[in-house]
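Read the figures in this text as sums done on the coordinates, not as results from a lab. Note that the coordinates shown come from a computational prediction; the quantities given were computed from them, not determined experimentally. A quick note on method: Cβ atoms are made from the backbone with ideal geometry, for glycine too, and the neighbour counts reach across all protein chains shown.
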Amino acid sequence: MKREAYRDAVDACYRCADACDQCAAACLLEDDVKAMARCIALDIDCAALCRLAAAMMSRDGEHAMPVARVCADLCQTCGEECAGHDMDHCRACAEACRRCAKACLAISEQQ
């Protein structure tokens, strides 16, 4: 698959990773950090996987599609967790995760 075909998914992955980093950092400043533990953990994992998926798609890596599918799954899970919190940073992260999941799923279904 040509790198241009991945462009939307790569962009969505980087935007999601940034949103997840911001969300995790903001969650650490919440009064009840323990209540945010799952959100923080998923944010960290999601950001890391999104960056890996974006890099693999940018290189048209041999295993980019399976990683994109896993990325879509993790983004969905992270987005659902973030959507369960009322903070603005969690809501912004949830939206970025939903967009990334959709983009990664779409690209992984093209193969």
| Once you have the alpha carbon radius of gyration of the chain, what is it after dividing by 2.2 N^0.38 Å, with N set to its residue count? | 1.04
| field | Helical contribution to [θ] at 222 nm, DSSP H n ≥ 4, -39,500 (n - 2.57), averaged over the chain, rounded to 500 | value | -26500 deg cm²/dmol
| remark: Given Cβ charges of +1 for Lys and Arg and -1 for Asp and Glu, the option among Cys23, Met56, Ala41 whose Cα lies farthest towards the positive end of the dipole of the chain is Met56
| Between Glu62 and Lys34, what FRET efficiency comes out of the Förster formula 1/(1 + (r/R0)^6) with R0 = 35 Å and r the beta carbon distance, rounded to 0.05? | 0.25
| query | Using a basic spin-label model with each label point 7 Å from the Cα along Cα→Cβ, how many nm lie between Ala106 and Glu4? | reply | 1.7 nm
| task | Would you mind working out the magnitude of the charge dipole of the chain relative to its Cα centre, with +1 at each Lys and Arg C-beta and -1 at each Asp and Glu C-beta, to the nearest 20 Debye? | result | 460 debye
| message | Under a crude label model (7 Å from the Cα following the beta-carbon direction), how far is Ala41 from Met87 in nanometres? | response | 1.7 nm
